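Written below as structure tokens is the structure these notes are about.
The values are calculated or read from the model by the stated rules, or taken from the named source; none is laboratory data. Everything numeric here is computed off the predicted structure, so don't read it as measured data. Methodologically, a virtual Cβ is constructed for each residue, glycine included, from the backbone with ideal geometry; neighbour enumeration extends over all protein chains shown.
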Amino acid sequence: MPESAFEGLRGLHLFEAMAEQHFQALMRGAFVQTFPPQIELITEGDPSDFLHVVLSGSVDLFSNWNDRETSMATVRPISTFILAATIRDAPYLMSARTLEKSRIALIPSDEVRVIFGLDDGFARAIVTELAQCYRSVIKAQKDLKLRSSTERLANYLLRSQIRADGEAEFELGFEKRRLASVLGITPEHLSRAFKGLQSHGVVADGTRVRIEDRKKLERFAKPNPLIDDPVK
């Protein structure tokens with residue numbers, strides 16, 4: 001892998017405390033590849049051959065069952081997926097596809113497991129990462145079970161505005177059908193939720209959204225750090 005790719009990976013929390021010789025050993029079998037949009041990177045049920053790191057672009061984690069599909073999460077730079085499968089040498093529980101042109105680093109899972117047993121700093125970082133993933137799952141469940149669809153949408157839009165550097169008007173970044181899947185609702189319910197937020201200062205035109213009064217929307221949404229993950 002080129003040295004230029006090492007820099008972004010080395011600064012990732014997962015790798016920053018590793019001994020240099022272990023990091024170099026891990027990178028010897030790694031490679032970076034650029035994928036166009038809508039390319040399936042992994043398929044749920046397949047063995048976890050690689051640990052993936054998103055260096056640029058974004059990736060949709062999704063799952064299928066009984067002819068139904070749902071989006072589970074969006075992975076943005078610089079972060080990994082799906083770490084638990086790599087460490088346990090277990091099948092992937094989710095599939096992944098690129099949402100846009102993306103650069104992905106692929107690190108052989110068997111090498112990750114070897115270094116996990118050798119490097120204490122790496123092992124502690126993995127435990128911390130897995131603990132954070134667990135907490136994110138709990139927060140997602142609370143969001144799904146404790147909030148109405150309109151409240152979930154309101155909080156999602158507040159987080160999206162932060163990602164857009166606080167701009168009043170911003171793009172969702174993908175079609176509304178996928179947003180409905182992320183929020184665990186049907187497209188019809190999403191349409192009704194957007195209409196319900198009009199009185200709270202939200203104006204939507206296709207995939208473009210404008211928040212005219214953030215304070216008003218916050219009073220309705222009631223964002224909570226015990227439910228909402230920090231915006232990356």
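How about segment 37-73: which of its residues are of a type in the set (D, E, K, R), assigned to a strand (DSSP E or B) and without any contact (Cβ under 8 Å) to a residue 40 or more places away in the chain? Show your work before the answer.
Looking only at segment 37-73, we keep the residues that are of a type in the set (D, E, K, R), and these are 40, 44, 46, 49, 60, 67-69.
Those still in the list that are assigned to a strand (DSSP E or B) too: 40, 60, 68-69.
Correct list: ARG68 only.
State yes or no: is ARG177 surrounded by fewer than 17 Cβ atoms within 10 Å (Cβ to Cβ), touching a helix residue (DSSP H, G or I) at 6+ places or on another chain (Cβ under 9 Å) and either under 14 Å from THR150 (Cβ atoms) or acidic (Asp, Glu) (or both)? Give the steps one after another, and end with the answer.
Details: surrounded by fewer than 17 Cβ atoms within 10 Å (Cβ to Cβ): yes; touching a helix residue (DSSP H, G or I) at 6+ places or on another chain (Cβ under 9 Å): yes; either under 14 Å from THR150 (Cβ atoms) or acidic (Asp, Glu) (or both): no.
So ARG177 fails the test.
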_Test result for ILE87, outside the structural domain of GLU171 (by TED's automatic domain parsing), within 30 Å of GLU20 (Cβ to Cβ), over 17 Å from the mean Cα position of the chain (by Cα) and assigned to a strand (DSSP E or B)_ = no
*So which residues in segment 177-202 are assigned to a loop (DSSP other than H, G, I, E, B) and of a type in the set (Val, Ile, Thr), if there are any at all?*
ILE185, THR186
*Which pairs have Cβ atoms under 7 Å, sit 6 or more apart or on different chains, and link a residue in segment 206-232 that is farther than 28 Å from ILE138 by Cβ to one that is surrounded by 16 or more Cβ atoms within 10 Å (Cβ to Cβ) and not hydroxyl-bearing (Ser, Thr, Tyr)?*
THR207/LEU172; GLU212/GLY201; ASP213/GLY201; LYS216/HIS200; LYS216/GLY201
*Conditions: (1) touching a Cys at 6+ places or on another chain (Cβ under 8 Å); (2) buried (at least 19 other Cβ atoms within 10 Å of the Cβ). LEU61 meets all but one. Number of the miss?*
(1)
*(1) in contact with a strand residue (DSSP E or B) (Cβ under 7 Å, 6 or more places away or on another chain); (2) over 30 Å from LYS176 (Cα atoms); (3) surrounded by fewer than 19 Cβ atoms within 10 Å (Cβ to Cβ): which one isn't true of GLY117, the others all being true?*
(1)
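Of all helices (runs of 4 or more DSSP H) completely enclosed by segment 105-176, which ones contain at least 3 residues that are over 17 Å from the mean Cα position of the chain (by Cα) and without any contact (Cβ under 8 Å) to a residue 40 or more places away in the chain? Spell out the reasoning first.
Details: elements: 109-118, 120-146, 149-163.
By residue number, 109-118, 120-146.
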*Output for segment 90-103, where each listed residue is touching a Ser or Thr at 6+ places or on another chain (Cβ under 8 Å) and either hydrophobic (A, V, I, L, M, F, W, C) or in a loop (DSSP other than H, G, I, E, B) (or both)*: ALA90, TYR92, LEU93, MET94, LEU99, GLU100, LYS101
*Specify which of the listed residues (ALA125, ALA131) is within 14 Å of LEU14 (Cα to Cα) and surrounded by fewer than 17 Cβ atoms within 10 Å (Cβ to Cβ).*
ALA131
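Would you check if ALA180 is touching an Asp or Glu at 6+ places or on another chain (Cβ under 9 Å), closer than 26 Å to SER63 by Cα, among the hydrophobic types (A, V, I, L, M, F, W, C) and free of Cβ contacts under 8 Å to residues at least 24 places away in the same chain?
Values: touching an Asp or Glu at 6+ places or on another chain (Cβ under 9 Å): yes; closer than 26 Å to SER63 by Cα: yes; among the hydrophobic types (A, V, I, L, M, F, W, C): yes; free of Cβ contacts under 8 Å to residues at least 24 places away in the same chain: yes.
Criteria met by ALA180.
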*asked:* Which numbered condition in (1) small (Gly, Ala, Ser); (2) at pLDDT below 95; (3) within 26 Å of LEU12 (Cβ to Cβ); (4) touching a Ser or Thr at 6+ places or on another chain (Cβ under 7 Å) is the only one that ALA164 fails?
replied: (4)
*Does segment 108-125 contain at least one residue that is among the polar types (S, T, N, Q) and farther than 18 Å from VAL75 by Cα?*
yes
*Quick one: how many residues across segment 73-107 are closer than 15 Å to LEU14 by Cα, of a type in the set (Gly, Ala, Ser) and crowded, with 17+ Cβ neighbours inside 10 Å?*
2
